[in-house]
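S.K.: Here it is, the structure in full.
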Amino acid sequence: MNTTNYTALAKAAFDEAAPLHWKANDQLRKSLASGDYNCLSELHRAELEAIGIEGRDVAQFNCNNGRETISIKKMGASSAVGFDISEEFVKQAKELALSAKVECDFVCTDIYEIQDCYDQKFDLVMVTSGALCFMPDLRKYMETAKRVLRNGGVLNIYDCHPIVDMFEMDRDRGERPLQFVRSYFDKSPMRHTSGLDYVGGTTYEAKEIFYFHYTMADILNEIIASGFKIVNIQETPEDLSQAYTKVAADPITPPLSVMVTAVKE
């Protein structure tokens, strides 16, 4: 199965899940409409402020419903554009931005197929939780980020830590005790049909989708190989995905998220 086949499956699965997320996001709509609300964590905001957001042109890859794109625009970005393959989530993003009265653009596209008109248009590319695991070609993903960045532009990734792929998500595990279910070095695509309702936490007979596991070394090496210089790495206990809340609540917590900031050389 080639890259296009995998991303087509992702599009269908996310379009299917979108109505479930929308029903569970009434509070998000109200929160985004308030002037001071920002859905990014304090740690992430601190890193973005250190990078410099004021007056910058920002892109978000795999923006989902746009809540983070809207939040970074509210931090003072000159422009903010969210890219996502799901037409249904892009529709939600546009509606959220409209209700929040925040000017953002949202583009429905396969990340690998972002149009050339966006080449060297951004100062920052932001990638957040649950993005990399749906991308079957990590090198091409990083090269696309480099392509749309201006010289000296910054790539900021704050995503799930690769170690979480060794565990079952809360909604799949139920009341079973936490245990390792997968080798950290198993690179085979993971097939899932239990749905993508990570907001409501429900499972359902869903369209087929595949997750891709990358080790920490994979992620860092592909960033470097694509022409970036890594300037900051942080491993954190924050459960950005909201898929491992039981693990996050345990006093003995593995790293659940990782942040990488890199500069286009």
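S.K.: List the chymotrypsin sites (Phe, Trp or Tyr not before Pro) within the range 178-233 that fall in a DSSP loop (any state other than H, G, I, E or B) and whose Cβ has at most 10 other Cβ atoms within 10 Å.
M.R.: Filter output for the range 178-233: Phe180, Phe185.
S.K.: Now for a separate question. Which distance in Å, rounded to a whole number, links the C-alpha centroids of the range 1-40 and the range 141-168?
M.R.: 19
S.K.: Over all directions, average the projected area of the Cα convex hull of the range 128-178 and note it in nm².
M.R.: Computing the convex hull of the Cα atoms and averaging its projections yields 4.5 nm².
S.K.: Another question, if that's okay. Starting from the exponent 0.38 and prefactor 2.2 Å, build the expected Rg for the range 88-137 from its residue count and divide its actual Cα Rg by it.
M.R.: 1.31
S.K.: Now for a separate question. From zero outward in steps of 5 Å, how is the percent of C-alpha pairs of the range 84-217 spread across the bins?
M.R.: 2, 8, 14, 19, 20, 15, 12, 7, 3, 1
S.K.: Also: Modelling each spin label as a point 7 Å along the Cα-to-Cβ direction, I'd like the Thr4/Ile233 distance in nm, to one decimal.
M.R.: Reported label-point gap for Thr4 and Ile233 is 3.6 nm.
S.K.: Let me ask another. Using the alpha carbon gyration tensor of the range 41-109, what are the three equivalent-ellipsoid semi-axes (square root of 5 times each eigenvalue), largest first, in whole Å?
M.R.: Values for the range 41-109, descending: 20, 12, 10 Å.
S.K.: Per Stokes-Einstein, at 25 °C and 0.890 mPa s, what whole-number D in µm² s⁻¹ belongs to the range 191-265, with the Kirkwood radius over Cα pairs as the hydrodynamic radius?
M.R.: Taking Rh from Cα pairs, D becomes 165 µm²/s.
S.K.: When DSSP assigns beta bridges and you keep just the ones with both residues in the chain, what percent turn out antiparallel, to the nearest 5?
M.R.: Roughly 50 percent of the beta bridges in the chain run antiparallel, per DSSP.
S.K.: Normalised radius of gyration for the chain, please: alpha carbon Rg relative to 2.2 N^0.38 Å, two decimal places.
M.R.: In units of the 2.2 N^0.38 Å rule of thumb, it is 0.95.
S.K.: Quantify how much of the Cα-Cα distance distribution of the range 150-205 extends past 18 Å, in percent.
M.R.: Roughly 51 percent, once rounded to a whole number.
S.K.: How much length, in nm to one decimal, is gained on full extension between Glu143 and Val107, taken as 0.36 nm per residue of separation minus their Cα-Cα distance?
M.R.: 11.1 nm is the gain from fully extending Glu143 to Val107.
S.K.: Run the numbers on the range 70-141 and let me know its relative contact order in percent, using alpha-carbon pairs under 8 Å that are six or more apart.
M.R.: 30
S.K.: Run the helix sum for the chain: -39,500 (n - 2.57) per DSSP H stretch of 4+ residues, divided by residue count, reported at 222 nm to the nearest 500 deg cm²/dmol.
M.R.: Rounded to the nearest 500, the figure is -10000 deg cm²/dmol.
S.K.: Can you give the percent of C-alpha pairs in the range 172-230 whose distance is more than 17 Å?
M.R.: 60
S.K.: Let me ask something else about it. At 1.567 mPa s and 4 °C, plugging the Kirkwood radius over alpha-carbon pairs of the range 60-163 into Stokes-Einstein gives what diffusion coefficient in µm²/s?
M.R.: 94
S.K.: Continuing with this model, one more query. Looking at the range 1-83, what % of the alpha carbon pairs are farther apart than 17 Å?
M.R.: Cα-Cα pairs in the range 1-83 separated by more than 17 Å: 57 percent.
S.K.: Which listed residue (Ile219, Tyr204, Val181) has the Cα farthest towards the positive end of the charge dipole for the range 148-265, taking +1 on Lys and Arg C-beta and -1 on Asp and Glu C-beta about the Cα centre?
M.R.: Most positive-ward Cα: Ile219.
Readers should treat all values here as calculations from the given coordinates under stated rules, not as data from a laboratory. Computed from a predicted model, the values in this text were never measured in an experiment. A quick note on method: Cβ atoms are made from the backbone with ideal geometry, for glycine too, and the neighbour counts reach across all protein chains shown.
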